[in-house]
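Below you'll find the structure, written out as structure tokens, and then a few comments.
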Amino acid sequence: MSWTPLPRELSNGEVQLYQVKYENRNVTAGKWTLVKQRNTTNKYCVLGKLNVCMEYRVYVQAFTIGFGPYGAPVYKIIGGKPEGNPFYYCIFL
């Protein structure tokens, strides 16, 4: 995942790092669970531990002299065939 850096005129100084948080939600249960939260100085982050048939939302926030607000979340549903069940596919339209 990558993002456009916060414009200097909208920040409270130079961005030192970004915090990326991603959560998943089982599409049948409906509850959001934190998967991982990490800091990076890059303008991208490789998300790991993603499972099929799960909905994910990802937030990014910048740190200058303190953490700013999280940006709007990005939502993505990972489709595919879950392991161990040869007859079940997740298809999202």
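The values are calculated or read from the model by the stated rules, or taken from the named source; none is laboratory data. Because the structure is predicted, anything quoted here is derived from the model rather than measured. Because the Cβ atoms are built from the backbone with ideal geometry, glycine has one as well, and the counts that use them run over all protein chains shown.
Mind counting the residues in region 34-56 that are over 14 Å from Leu17 (Cα atoms), assigned to a strand (DSSP E or B) and either more than 10 Å from the chain's Cα centre (by Cα) or modelled with pLDDT of 90 or more (or both)?
Taking region 34-56 first, the residues over 14 Å from Leu17 (Cα atoms) are 34-36, 46-56.
Restricting the remaining residues to those that are assigned to a strand (DSSP E or B) gives 34-36, 54-56.
Applying the additional criterion that residues be either more than 10 Å from the chain's Cα centre (by Cα) or modelled with pLDDT of 90 or more (or both) yields 34-36, 54-55.
Within region 34-56, residues that are over 14 Å from Leu17 (Cα atoms), assigned to a strand (DSSP E or B) and either more than 10 Å from the chain's Cα centre (by Cα) or modelled with pLDDT of 90 or more (or both) number 5.
Take the residues of region 1-11 that are exposed (fewer than 12 other Cβ atoms within 10 Å of the Cβ) and either in contact (Cβ under 8 Å) with a residue 24 or more places away in the chain or within 12 Å of the chain's Cα centre (by Cα) (or both): which is farthest from Ile78 (Cα to Cα)?
Initially, region 1-11 is screened for residues exposed (fewer than 12 other Cβ atoms within 10 Å of the Cβ), giving 2, 4-5, 7-10.
Filter once more, keeping what is either in contact (Cβ under 8 Å) with a residue 24 or more places away in the chain or within 12 Å of the chain's Cα centre (by Cα) (or both): 2, 4-5.
Details: Ser2: 18, Thr4: 23, Pro5: 26 Å.
Taking the candidates together, the pick is Pro5.
Is there any pair linking a residue in region 12-25 that is surrounded by fewer than 19 Cβ atoms within 10 Å (Cβ to Cβ) to one that is among the acidic types (Asp, Glu) and assigned to a strand (DSSP E or B), with Cβ under 6 Å and at least six apart or on different chains, and which?
Pairs that qualify, where the first residue is surrounded by fewer than 19 Cβ atoms within 10 Å (Cβ to Cβ) and the partner is among the acidic types (Asp, Glu) and assigned to a strand (DSSP E or B), are Arg25/Glu55.
Within region 57-75, track down each residue that is surrounded by 15 or more Cβ atoms within 10 Å (Cβ to Cβ) and in a strand (DSSP E or B).
Those that are surrounded by 15 or more Cβ atoms within 10 Å (Cβ to Cβ) and in a strand (DSSP E or B): Arg57, Val58, Tyr59, Val60, Gln61, Ala62, Phe63.
In this structure, is Val35 surrounded by 12 or more Cβ atoms within 10 Å (Cβ to Cβ), farther than 14 Å from Met1 by Cα and not acidic (Asp, Glu)?
So Val35 passes the test.
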